[in-house]
Each structure stands twice: as structure tokens, then as C-alpha cells.
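Enquirer: Would you mind keeping the following structure in view while I ask a few things?
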Amino acid sequence: MEGINYVKVEEIPLRISELLYQWKIEDTKKRMESRLENELYVTDLISCPLKLRYSKLYKELALASAFKPVALMGELLHLGLEKLLSELLGVDNVKTEVEYEREVVVDGTTYIVKGRVDAIVGDVLIEIKSVRSDTHIPLQHHVMQVRIYLWLTGLPKGILVYITPDRIAEFLIDTPASDGEVTDLVRSTIEGRPAPRYPWECSYCIYSQLCPSKTR
């Protein structure tokens, strides 16, 4: 465009991209370093169990995932919507990034299941997802994630919000996961099977190049 002078990258006084990636990397490192051996995140229970094993063996690859723009975009969208909810509904009426945990005993060993809920409004939890397409939603593993959050928090219902390029869709989830379902998921995660948990996971997995269980 005429009349606009573009400077070289090295002359830009404030690098937003560097700030974002540094923030994401430090957050990822912090979560990895503070994690206990018997801790399982809700996301572990809905993903291929080998991802948990490989994230501990190959921490460099786990950190590399922080550089994926699509993951960073999704996180920024979360933060923006959470802030907007607080502004629209009132800071005192909205809790964001709330962490919960519960213990599960499997074969005599105690595991701590931890989850961070995007937002809670009254007795309703809100889980935000950004996806590239609005077809086939709600996705099975996202529904299970909300159900585990209901089990974790004791709340009666949750809203699964999808933000896509074509529309914003909401789904009400009012069936918490049972103790038995969570126990089975914990057991399958620590035993490393089934791997993958869903047939499409390998196509998006950063560990697929070294995984002997890769299916596609």
C-alpha cells in the first residue's frame, strides 16, 4: 500500500509473537515440572494413553507442541471468551480457569484426577472448544471431558461451546461420568491401552513418528 513504510523484522520494537510463545513455553514447563507421578489430567483420560507416557520420555517434543499456532490460537480464544463472560455477567458471577481434583483408587494405588474448568456461572460449568469445522459436533471425547468435569466438580450440568469459522454452537451436558467410568479410564490410561483411544488421533499426534502403535 502506498504511503506505508514497512520496517525490517529486526527493527520491530515489540515482538508480540515472542511474548506469546515465551508465555506458552513457560506455562507448559511449569505444568510439566510440577506434575506428580500419580497425577492424571482430565485430558489424559480422553486421549491416547501413550501420549502421557511419551510426554514424560520426550519432554522436548511436549514443549515443541507449544509452538503450534493452532494450539496457541485456541488458548487465546479461551482467554478472550472467559474475559468477555466476566465483563458481561459480572466478575463476581463468573469463575474462570478453576482447578479441581479428586482421588481414584485403582488396584490399590491412589491417583489424583485433576482438571481446569474454563468457566463456571452459578451451577453451570462452561467448556470452550475451537474447531475448524462445525460438522460432526459435539465430538465424543469433548462430551466425555465435560462429563468428567461434572463428576469432578459435583455440578449438575455443563455447556459445551464450539466456536467455528461458520457458527457458534452450544450443547447441554447433564450426565456426569460415573465413578466406574472414571476408574476404567484411569486404569486404561495407566495401562497404556487402547492406543490410540480414537482412530483419528495419530494424524494429529506429535509423537506419531516414533510410536509403534501408529495406525494412520
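Enquirer: Pairs needed: first member in the stretch 167-181, charged (D, E, K, R); second member anywhere, outside any loop (DSSP other than H, G, I, E, B); C-beta distance under 6 Å; at least 6 residues apart or different chains.
Expert: E170/I159; E170/V161; D174/K157
Enquirer: Scan the stretch 190-216 and report the pairs whose first residue is farther than 18 Å from L40 by Cβ and whose second residue is β-branched (V, I, T) and open to solvent by 40 Å² or more (accessible area, probe 1.4 Å), with Cβ atoms within less than 6 Å and a gap of 6+ or a chain change.
Expert: C202/T215
Enquirer: Quick one: in the stretch 188-216, of everything that is open to solvent by less than 70 Å² (accessible area, probe 1.4 Å) and of a type in the set (D, E, K, R), which residue is nearest to the chain's Cα centre (by Cα)?
Expert: Selected residue: E201.
Enquirer: Continuing with the same structure: Kindly list, by first and then second residue, each pair from a residue in the stretch 21-42 that is under 18 Å from Y58 (Cβ atoms) to a residue that is of a type in the set (S, T, N, Q) and assigned to a helix (DSSP H, G or I), limited to pairs with Cβ atoms under 9 Å and residues at least 6 apart or on different chains.
Expert: T28/S65; M32/S55
Enquirer: Run down R31, R53, R15 and say which single residue is surrounded by fewer than 16 Cβ atoms within 10 Å (Cβ to Cβ), over 28 Å from V161 (Cβ atoms) and not aliphatic (A, V, I, L, M).
Expert: After applying the criteria, what remains is R15.
Enquirer: Continuing with this model, one more query. Filter the stretch 88-115 for residues that are among the charged types (D, E, K, R) and without any contact (Cβ under 8 Å) to a residue 40 or more places away in the chain; which is farthest from Y149 (Cα to Cα)?
Expert: Here the answer is D92.
Enquirer: Given the conditions (1) of a type in the set (A, V, I, L, M, F, W, C); (2) open to solvent by less than 30 Å² (accessible area, probe 1.4 Å); (3) within 16 Å of the chain's Cα centre (by Cα), report the number of the one that L76 does not fulfil.
Expert: The single condition L76 does not satisfy is (2).
Enquirer: Only one of these is open to solvent by less than 30 Å² (accessible area, probe 1.4 Å) and farther than 19 Å from H78 by Cβ: V117, V146, V113. Name it. Steps first, please.
Expert: On the way: V117 fails: farther than 19 Å from H78 by Cβ; V146 fails: farther than 19 Å from H78 by Cβ.
Within the list V117, V146, V113, the selection yields V113.
Enquirer: So, of the residues in the stretch 156-184 that are open to solvent by less than 30 Å² (accessible area, probe 1.4 Å) and of a type in the set (A, V, I, L, M, F, W, C), which turns out to be farthest from R132 (Cα to Cα)?
Expert: Once the filter is applied, the top-ranked residue is V182.
Enquirer: Now a separate question. When only residues in the stretch 11-53 that are outside any helix (DSSP H, G or I) and among the aliphatic types (A, V, I, L, M) count, which is nearest to T153 (Cα to Cα)?
Expert: Taking the candidates together, the pick is L40.
Enquirer: Check whether at least one residue in the stretch 56-67 is surrounded by fewer than 16 Cβ atoms within 10 Å (Cβ to Cβ), at pLDDT 85 or above, closer than 26 Å to V117 by Cβ and polar (S, T, N, Q), and report yes or no.
Expert: Scanning the stretch 56-67, I find no residue that is surrounded by fewer than 16 Cβ atoms within 10 Å (Cβ to Cβ), at pLDDT 85 or above, closer than 26 Å to V117 by Cβ and polar (S, T, N, Q), so the answer is no.
The values are calculated or read from the model by the stated rules, or taken from the named source; none is laboratory data. Since the structure is predicted, the reported quantities are computational estimates derived from the model, not experimental observations. All Cβ positions, glycine included, derive from the backbone under ideal geometry; neighbour counts span all protein chains shown. In case anyone asks, the SASA skips ligands and DNA or RNA and just uses the protein heavy atoms, side chains included. Shrake-Rupley method; radii C 1.70, N 1.55, O 1.52, S 1.80 Å.
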